[in-house]
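S.K.: To start, I am sharing the structure in question, which I have written as structure tokens.
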Amino acid sequence: MGEGEKFQLGTIGALSLSVVSSVSIVICNKALMSTLHFIFATTLTSWHLLVTFCSLHVALKMRFFEHKPFEQKAVMGFGILNGTSIGLLNLSLGFNSVGFYQMTKLAIIPCTILLEILFLGKKFSRRIQFSLAILLLGVGIATVTDLQLNALGSFLSFLAVITTCVAQIMTNTIQKKYKVSSTQLLYQSCPYQAATLLITGPYLDKVLTDLNVFAFKYTTQVTFVIVLSCLISISVNFSTFLVIGKTSPVTYQVLGHLKTCLVLAFGYIIVRDPFSWRNILGILVAMVGMLLYSYSCILENQQKAAETATQASHSQAREGESDPLINVETGTTVLNKRPPVWNKEKD
């Protein structure tokens, strides 16, 4: 199996793991918050990250992966930024209507594209832009309902979008710049993410819910579902870094909207959540956008591969044409086999 085929299989596996684990944890957390009334989202996320770090530390001791330290400032800044973006997203949901929060999530893709164009010099074809526009339209139809604006909520949403976009772009660039795997980056950044949310989580949840997470009555059932959620979060956090590292932040956001559509569908099928023709139409439009995006990415990857192969063949041809008279190999002079040109006047 070639390197290209292995990369494609690895990418498909990462995408599948991300979808399955994310949908599973959403269903688990929905049961935890709606049925069992444990509504402390930020604190729960900090526990997720703490459990993820502990599991990765055990995996490191068992030599499932190697520790590869790199610039400490970059790790610390990245970890704190990731934790901050999670807290801001939760605050955005708390101070805005559900519809405006969904609009905030939709804004992440165009904002990511703009930042990558301005600061990384990336280019996105019109085909990609068109498919993303259809995707965002579909998700908007399916999820956005009321749009109640307020100054504080809008400001928090703006900060949440910016920090989330920068954190996801850094996830991709750090892995490539320092040549670290998604597991190595997650292991080193997890303590800073967890610490940020462990410190701020109880306070934020107090502001949002007017309840104290430590005064909550932890029954056996609640504890079991929390532990289950933490275990699923290991796959969620790992697959997030894996997908962004193997693809791009934009592709990860597209995948996130696919998860949203799947959660809506599963919610209707399993727990009979309210569902309308608007939801169905939005999901169908979004699926068309996702298929167009996938098709466009495949076409562009094939074109890049063909251009790379053409350039390689041209460079090999030019190397073959160049035939120096004297070659130097391992310190010795090797004469070319070109026949000598005799001067007739010396005959």
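S.K.: For the range 126-254, just the Cα set please: Rg and Dmax, both in angstrom.
M.R.: Taking only Cα atoms of the range 126-254, I get Rg and Dmax of 18.3, 54 Å.
S.K.: So if R0 is 35 Å, what FRET efficiency would ALA312 and PHE216 give, r being the distance between their Cβ atoms, rounded to the nearest 0.05?
M.R.: 0.05
S.K.: Dipole of the range 164-304 (Lys/Arg Cβ +1, Asp/Glu Cβ -1, origin at the Cα centre): which of VAL285, ALA265, THR171 lies farthest to the positive side?
M.R.: After comparing all options, I get THR171.
S.K.: Report, in debye and to the nearest 20, how large the dipole of the range 175-251 comes out about its Cα centre when Lys and Arg carry +1 and Asp and Glu carry -1 on their Cβ.
M.R.: Here the range 175-251 has a charge dipole of around 400 debye.
S.K.: So, one more: Based on the alpha-carbon gyration tensor of the range 79-194, what equivalent-ellipsoid semi-axes (square roots of 5 times the eigenvalues) come out, in whole Å, largest first?
M.R.: The three semi-axes for the range 79-194 are 26, 21, 11 Å.
S.K.: Could you look at the range 53-165 and say what percent of its accessible area is carbon and sulfur, using a 1.4 Å probe and all protein chains?
M.R.: 70 percent
S.K.: Probe radius 1.4 Å, ligands and nucleic acids left out: which of CYS54, CYS230 has the largest accessible area, and how do the rest follow?
M.R.: If we order CYS54, CYS230 from most to least accessible, we get CYS54, CYS230.
S.K.: Also, I was wondering about something else. Take peptides 13-26, 215-228 and line them up by average Cβ neighbours within 10 Å, highest first, as a rough protection proxy.
M.R.: Ranked from most to least packed, the peptides come out as 13-26, 215-228.
S.K.: Given a 1.4 angstrom probe, what's the average accessible area per residue across the range 201-261, in square angstrom?
M.R.: 46 Å²
S.K.: Then there's this: What whole-number value in Å² describes the accessible area per residue of the range 108-173 for a 1.4 Å probe?
M.R.: Value returned for the range 108-173: 51 Å² of accessible area per residue.
S.K.: Pop out the carbon and sulfur fraction of the accessible area of the range 187-284 as a percent, whole number, probe 1.4 Å.
M.R.: 70 percent
The values are calculated or read from the model by the stated rules, or taken from the named source; none is laboratory data. Everything numeric in this text was worked out from a predicted model, so none of it was measured. Note: ideal-geometry Cβ built from the backbone for every residue, glycine included; neighbour counts use all protein chains shown. Protein only, heavy atoms only, side chains kept; ligands, DNA and RNA dropped before computing areas. Shrake-Rupley method; radii C 1.70, N 1.55, O 1.52, S 1.80 Å.
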